[in-house]
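Report on one structure; see the data block that follows.
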Amino acid sequence: MQTQTVLETLFPNNLDYKINDSMIRGSAETKLGKVEIIGTVDSAAMNQYIAMTLAGEILDVIDQDQQTPVVFIVDTLGQDSSRADELLCLNRTFAHLASCVDLLRRRGHPNLAIVLGEAVSGGFLSYGLMANQAFALESSQVKVMDLQAMSRVTKIPLDKLKSLSQTSAIFAPGVENYHAMGAVNEIWNTLDAHLVENALESQLGHTDDFLTDERRQVAEDREGRLLCNDIVESVLTA
């Protein structure tokens, strides 16, 4: 489904946005009032320029001091692998972007992320996974890396990873697996104008509750990460 069609379905009232350099910036009217839209489209490769631009847009919203709700649009193939961006400390740039999202949350802005296309690795982590809630279209692709790349990095044979991916969500790409691991709150199979409104409305009055990360417990409840909590507790009590 094309970006324009998705946005017009989710935001039917006074939707206004622009797309430049694979970045989207806009706003729409909802029953909660104005909602700001910030993010990436067209499977953007997250480089220093995109990360710093998004961070600047987030800081501008915070500076208005209106606690305006923010919707992050996610469609990124991950971090740009260019040597130039690595030399310019892309990791620190991503950390800055993530810190800006965290500041937005702590200032009481209701916020959520919507994965429209791809959500890969550090590109997703730096802002999409930092939001209070993350939702994904059924057709979206969510992953850290594909199994072949994972095999090269971990030195685990590809056949072994394929076998593990059949029974363990942490070894398998795909939006269903990330839902099982608690990274995606809900998968949207059909779209309508109430999805974003209802999600943001559910945050009103208790945005501080989202500052506590419950994803480990959610993942255990969904049977996506069966050993995580036990291991964490063992480390903390060692």
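The values are calculated or read from the model by the stated rules, or taken from the named source; none is laboratory data. The shown structure was predicted, so the numbers you read here are calculated from the model rather than taken from an experiment. Note: ideal-geometry Cβ built from the backbone for every residue, glycine included; neighbour counts use all protein chains shown.
Hey, does segment 25-40 have a residue that's more than 25 Å from Leu10 (Cα to Cα), within 16 Å of the chain's Cα centre (by Cα) and surrounded by 15 or more Cβ atoms within 10 Å (Cβ to Cβ)? No, the conditions are met nowhere in segment 25-40. Among the residues of segment 1-36, the ones that are at pLDDT below 95 and closer than 30 Å to Arg92 by Cα come to 1 in all. The single condition from (1) at pLDDT below 95; (2) assigned to a helix (DSSP H, G or I); (3) farther than 19 Å from Val175 by Cβ; (4) hydrophobic (A, V, I, L, M, F, W, C) that Ala219 fails is (3). When segment 179-238 is filtered for residues that are under 17 Å from Val71 (Cα atoms) and acidic (Asp, Glu), the ones remaining, listed by number, are Glu186, Asp192, Glu197, Glu201. Reported count of residues in segment 58-83, each being at pLDDT 95 or above and closer than 19 Å to Ala119 by Cβ, is 8. Taken as a whole, the structure places Gly39 among residues that are at pLDDT 95 or above, within 17 Å of Ala134 (Cα to Cα), not in a loop (DSSP other than H, G, I, E, B) and not charged (D, E, K, R). The requirement of being within 20 Å of Leu195 (Cβ to Cβ) and touching a Pro at 6+ places or on another chain (Cβ under 6 Å) is fulfilled somewhere in segment 104-113, by at least one residue. Take segment 73-93 and flag every residue that is acidic (Asp, Glu) and under 20 Å from Met23 (Cβ atoms). Asp75, Asp80, Asp85, listed by residue number.
Assess whether Ser140 counts as being among the hydroxyl-bearing types (Ser, Thr, Tyr), under 17 Å from Ala44 (Cβ atoms) and surrounded by fewer than 23 Cβ atoms within 10 Å (Cβ to Cβ). Here the answer is yes, as Ser140 does meet what is asked. Condition first: touching a residue at least 60 places away in the same chain (Cβ under 8 Å) and not in a strand (DSSP E or B). Now tell me which residues in segment 14-35 satisfy that. Once the filter is applied, which keeps residues that are touching a residue at least 60 places away in the same chain (Cβ under 8 Å) and not in a strand (DSSP E or B), segment 14-35 yields Lys31, Leu32. Filtered by the rule that a residue be among the small types (Gly, Ala, Ser) and without any contact (Cβ under 8 Å) to a residue 40 or more places away in the chain, segment 115-174 gives Ser140, Ala149, Ser151, Ser163, Ser165, Ser168, Ala172, Gly174.
May I ask you to verify whether Thr68 is touching a strand residue (DSSP E or B) at 6+ places or on another chain (Cβ under 6 Å), closer than 26 Å to Glu29 by Cα and assigned to a loop (DSSP other than H, G, I, E, B)? So Thr68 passes the test.
Hey, among Lys155, Lys160, Lys143, which residue is charged (D, E, K, R) and in contact with a Pro (Cβ under 7 Å, 6 or more places away or on another chain)? Just one listed residue meets the conditions, Lys143.
Taking the condition of being more than 23 Å from Leu54 (Cα to Cα) and hydrophobic (A, V, I, L, M, F, W, C), how many residues in segment 126-177 meet it? Selection size over segment 126-177: 14.
Cβ separations smaller than 8 Å between residues 6+ apart or across chains give the following pairs from segment 59-72 residues that are over 19 Å from Ala134 (Cα atoms) and free of Cβ contacts under 8 Å to residues at least 60 places away in the same chain to residues that are hydroxyl-bearing (Ser, Thr, Tyr) and part of a loop (DSSP other than H, G, I, E, B): Val61/Thr68.
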